[in-house]
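The values are calculated or read from the model by the stated rules, or taken from the named source; none is laboratory data. Model, not experiment: these values are computed from the prediction. FYI the Cβ positions are ideal-geometry reconstructions off the backbone, even for glycines, and counts take in every protein chain you see. Heads up: the accessible areas ignore ligands, DNA and RNA and are worked out on the full protein's heavy atoms, side chains in. Shrake-Rupley method; radii C 1.70, N 1.55, O 1.52, S 1.80 Å.
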Protein chains: 2
Amino acid sequence: MVIVVRGELRLTTGKIAAQVAHAAVNLACQSEVRAPAAFEAWSRGGQKKIVLTSPSLEDMMTLEREARARRIPTTWVEDAGLTEVPPGTCTCLGLGPAPAATLDAVTGKLDLL
Amino acid sequence: MVIVVRGELRLTTGKIAAQVAHAAVNLACQSEVRAPAAFEAWSRGGQKKIVLTSPSLEDMMTLEREARARRIPTTWVEDAGLTEVPPGTCTCLGLGPAPAATLDAVTGKLDLL
């Protein structure tokens with residue numbers, strides 16, 4: 001599982017942590033229902049989560065298209081906008097769970113957060 | 001759901017985000033099985049996640065005891081220790097899902113991360 005944080009928003013650490021957690025729970029819950037084998041493999045493998053950053057929403061939309069083309073599950077996190085950003089702002093893109101090599105083909109050039 | 005990050009470790013933002021995400025997924029998965037009504041209430045309420053910080057492991061162990069006394073579900077996150085901290089280091093304590101007032105009675109005095 002990879003979660004990509006939208007760097008241009010310059011969110012605080014606490015906000016980033018909560019947004020990444022939203023993405024991780026969404027991906028876990030959706031894969032448990034739609035792709036139980038992938039969910040099981042990820043669970044047994046220690047529920048690995050990699051947090052990366054991408055500069056802009058446009059770049060993240062490109063990532064999402066590339067992930068979908070490879071049938072990697074995705075989820076967008078939109079913030080409720082009560083504190084740091086306007087309501088509905090996309091803060092994170094979650095990808096997976098999927099084999100590391102599959103995820104790496106899409107996100108391998110991004111920086112660690 | 002509240003996730004308390006162990007402040008004394010001075011982890012990087014990316015590490016904190018991944019550890020908080022581990023806690024959130026653990027709490028969600030365990031409540032889905034053991035406390036489906038609490039899980040449903042939390043899901044329908046927007047899967048709220050609050051990220052707080054506590055200075056030391058000792059303080060967090062006190063929090064865990066207080067949570068257990070109130071029958072709030074808890075989970076510890078231990079880092080695999082490949083990068084920033086030794087293997088098995090406790091990085092986060094997750095609490096919930098539970099009603100806001102119940103969680104607030106235990107964690108209300110902690111600072112936001």
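Here are a few things to note about the model shown:
- Per residue, the stretch A:1-76 exposes 49 Å² of solvent-accessible protein surface, assessed with a 1.4 angstrom probe and all protein chains in place.
- Sorted shortest first, the distances from the A:Ala101 label point to those of the same residue in the other copies are 5.6 nm; each point sits 7 Å from Cα along Cα-to-Cβ.
- Interface burial for B against A (accessible surface, 1.4 Å probe, total of both chains, Å², rounded to 100): 1600
- Dipole magnitude of chain A, debye to nearest 20 (Cβ charges: Lys/Arg +1, Asp/Glu -1, about Cα centre): 320
- Size descriptor, Kirkwood hydrodynamic radius, that averages inverse alpha-carbon separations across the protein assembly as shown, Å: 17.6
- The stretch B:77-113 and the stretch A:78-103: distance between their alpha carbon centers, rounded to Å: 21
- Counting from the shortest, the label point at A:Arg10, 7 Å from Cα toward Cβ, is 2.4 nm from the same position in each remaining copy.
- Only protein atoms count toward the accessible area here, which uses a 1.4 Å probe; on chain B, the carbon and sulfur part of that area reaches 53 percent.
- Hydrodynamic radius by Kirkwood, which averages 1/r over all alpha carbon pairs of the stretch B:12-98, in angstrom: 13.7
- Dipole-positive endmost among B:Pro87, B:Ala38, B:Leu52 within the stretch B:12-98 (Cβ charges, Cα centre): B:Ala38
- Calculated label separations, B:Leu57, copies of the chain, 7 Å along the beta-carbon direction, nm: 4.3
- Computed with a 1.4 Å probe on the full set of protein chains, the accessible area for B:Thr83 sits at about 110 Å².
- Computed FRET value (nearest 0.05) for A:Glu78 with B:Asp104, which takes r as the C-beta separation and R₀ as 30 Å: 0.70
- Counting only protein chain heavy atoms and rolling a 1.4 Å probe, the accessible areas of A:Asp79, B:Asp59 rank, largest first, as B:Asp59, A:Asp79.
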